[in-house]
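Below you'll find the structure, written out as C-alpha cells, and then a few comments.
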Amino acid sequence: MSLDAAIREAVMGFGITTENIAEIVAKWRQCGTEIGGLSYQAADLSLAGSRSAPALRDAGNAAHGCARSVSTNLSGLADALQAFNARTVESDRAAAAALAALRLQS
C-alpha cells in the first residue's frame with residue numbers, strides 16, 4: 001500500500017476527508033461574504049417629530065454591525081479550519097511515514 005493510500009485510508013476511518021473540510025471552509029467563506037454584504041440602509045425616513053424613523057435607522061445600524069461581526073467570525077473560522085486541515089494532513093503524512101518505516105524494519 002502506498003503512503004498516500006495509507007493516509008487516505010486512515011483519514012476515511014475518521015469519517016471526514018480533507019475534501020469535506022475544504023467544502024466547509026468554502027461554505028463558511030461564502031456565507032461570511034454574503035452576510036457581510038447585506039445592506040441595512042433605511043430609506044429616507046425624515047419624518048419631522050417621528051421617534052420611529054431614528055429608531056429604525058439605529059436598528060439598521062445595529063444589524064449592520066452584527067452582520068459585520070458574524071462575517072468576520074465566519075472568515076476567521078474558515079481561516080482556522082483551513083490551517084488546521086493543512087497541519088493535520090502534514091501530521092498524518094508524517095505519522096504514516098513513521099509507521100511505514102517501522103513496518104519496513106520488522
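Charge tally around GLY36: other residues with Cβ under 11 Å, Lys/Arg +1 each, Asp/Glu -1 each, net +1.
Excluding ligands and nucleic acids, what accessible area in Å² is computed for ILE35 using a 1.4 Å probe, to the nearest 10? About 50 Å², ignoring ligands and nucleic acids. Length gained on full extension, VAL70 to GLN105, computed as 0.36 nm times the residue gap minus the Cα-Cα distance: 7.4 nm.
Here each label is just a point 7 Å from Cα along the line to Cβ, and for ARG29 and ALA53 those points are 4.3 nm apart.
The values are calculated or read from the model by the stated rules, or taken from the named source; none is laboratory data. All values derive from a computational prediction rather than experimental measurement. Positions of Cβ are generated from backbone atoms using ideal geometry, with glycine treated the same way; all protein chains shown enter the neighbour counts. Heavy atoms of the whole protein, side chains included, go into the accessibility calculation; ligands, DNA and RNA do not. Shrake-Rupley method; radii C 1.70, N 1.55, O 1.52, S 1.80 Å.
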